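Worksheet for the structure shown next.
The values are calculated or read from the model by the stated rules, or taken from the named source; none is laboratory data. This is a predicted model, so every value here is computed, not measured. Backbone-built Cβ (ideal geometry, glycine too); neighbour counts: all protein chains shown. Remember, those area values only see protein heavy atoms, side chains included, never the ligands or the DNA or RNA. Shrake-Rupley method; radii C 1.70, N 1.55, O 1.52, S 1.80 Å.
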Amino acid sequence: MSIATRRPFGQNYAWVVAGVTFLALLAAAGLRSAPGVLLTPLHDAFGWDRASLSAAAAIGIFLYGLVGPFAAALMQTLGLKRTLLAGLVLMSASTALSLFMAQPWQYVATWGVLSGLGSGAVALSMGATVVNRWFAARRGLVMGLLSASTATGSLIFLPGMATLAQTGGWKPVVIAVSLAAAALVPLVLLLMPERPSDIGQPPYGGTDVEPAPPKARARDAVTLALSVLARASKVPAFWLLFATFFVCGFTTNGLIGTHLISFCGDKGLVLVQAGLLLAAMGVFDIVGATASGWLTDRYDPRKLLFVYYSLRGLSLMALPFLEFDVVSLSIFAAFYGLDWLATVPPTVRLATENFGEREGPIVFGWIACGHQMGAATAAFGAGLLRDLQGRYLESFVIAGFLGLAAAFAALAIARGGDEGRATPVPA
């Protein structure tokens, strides 16, 4: 018996794997939220314009999404554990390299290109792979918990990063993010088997030990990801999920995640106060994403998405007209935070229903690419509008209308078994 099979807890070891995955997603979320904190300190330290700084954030966000489906395919070929380790090492190394930057292109290369590639391997498509592989029951709940890790990343990192930036400038922030990613490497090495059968267990809630599929070559991951995309692109449900998740990214990571701190600065709030506002949203998102997972196991995910996107659109249109006092911002933080990533569990369920358990995570990776395309659009576009017009009003109004449009588009998404479901492909 190999060392890999000597694990405690039986089927419940799946929760250990979910915990390690949660921490990895948390670190990736902390890295992706850092450019919002670095925006003002880097502008002050180097004099770089906000459009250039926003471009680096946009590239990182875009690559974070684009790498997702290929990373999900790599997990089917190279392996889940190796893909995760490669992503964490690249996240740590790329952010550490930025300590030596002196030109805007170097910020784009490290925090945009390299960190985007690394964090893309540690994205929600990995969470979907873990859920489908390790859990036969309570998938919606676990996906909700893993989705909440992105909010927890903001909760843990943002106030501390804001304090470091206010007291020590941008370099302490970079060091903290790099060390956080590096610290997870030994945890993954020690605690994460490749699949339940490696420890002689069925998935949590299952009855049969599922044998590992035949090993494929790592280079086949590109072919697999593209072939799944080709099949999915013929199904209307894919494009509706892609479009709604584009709006999800536009209205969260791209606009709020990248620009809320700067927007609060325009309204007279200091850096730490603005960071605490985002952290408060993170607290409420833990509740919202987890509750959404529970609801997704029980109710029509399309109706849940309609509610989530409608409320999000209305709240974004209202934000620029608030007084920005403690009461109004606290209400906004609670209201918006509950909705931040509540969209993920219903979207994952609809992808799995329409495309199956094997290809569902890869399809979700492509859908998540749409999420990051939307986020990149908002990250750069809002920064450009701020430079041109000196305000963020139009950006929030546009985001609000997109949220309402996504709400109605969600109702048209097919369920598994409905007309338009993808043709099953043999594993």
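A compact table of results
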{"quantity": "Segments 101-113, 49-61 sorted - mean Cβ within 10 Å per residue, highest first", "calculated": "49-61, 101-113"}
{"quantity": "DSSP H segments from the chain that extend 30 Å or more along their own axis, Cα-based, with Kyte-Doolittle mean of 0.5 or above", "calculated": "13-46, 50-74, 139-168, 171-191, 271-296"}
{"quantity": "Positive-end extreme of charge dipole, the range 212-325 - chosen from Trp294, Phe263, Ala232 (charges on Cβ)", "calculated": "Ala232"}
{"quantity": "Dipole of the range 1-105 [Lys/Arg +1, Asp/Glu -1 at C-beta], most positive-end residue of Val37, Gln11, Leu78", "calculated": "Gln11"}
{"quantity": "Largest-first ordering by accessible area, 1.4 Å probe, given options Lys267, Lys81, Lys303", "calculated": "Lys303, Lys267, Lys81"}
{"quantity": "Estimated [θ] at 222 nm from DSSP helical runs (n ≥ 4, -39500 (n - 2.57)) normalised by residues in the chain, nearest 500", "calculated": "-24500 deg cm²/dmol"}
{"quantity": "Contact order relative to length of the chain, as percent, for alpha carbon pairs under 8 angstrom and 6 or more apart", "calculated": "27 percent"}
{"quantity": "Stretchable slack from Tyr299 to Leu99, in nm (0.36 nm times residue separation minus alpha-carbon distance)", "calculated": "67.2 nm"}
{"quantity": "Electrostatic dipole magnitude of the range 214-351 [Cβ: Lys, Arg +1; Asp, Glu -1; Cα centre; debye, to 20]", "calculated": "860 debye"}
{"quantity": "Among Leu25, Leu269, Leu322, residue whose mean-square fluctuation peaks in a GNM of the chain (springs only between Cα atoms under 10 Å)", "calculated": "Leu322"}
{"quantity": "The chain: most fluctuating residue of Val16, Val37, Val287 per GNM, C-alpha cutoff 10 Å", "calculated": "Val16"}
{"quantity": "Whole-Å distance, taken between Cα centres, linking the range 99-119 and the range 124-165", "calculated": "24 Å"}
{"quantity": "By average C-beta atoms within 10 angstrom, highest first, the peptides 65-76, 391-402", "calculated": "65-76, 391-402"}
{"quantity": "Burial ranking of peptide ranges 343-356, 128-141 (average Cβ count within 10 Å, highest at the top)", "calculated": "343-356, 128-141"}
{"quantity": "Extension gain, Val16 back to Gln166 (0.36 nm per residue minus Cα-Cα distance, nm)", "calculated": "50.4 nm"}
{"quantity": "Unit charges on C-beta of K, R, D, E only; dipole of the chain, Debye", "calculated": "820 debye"}
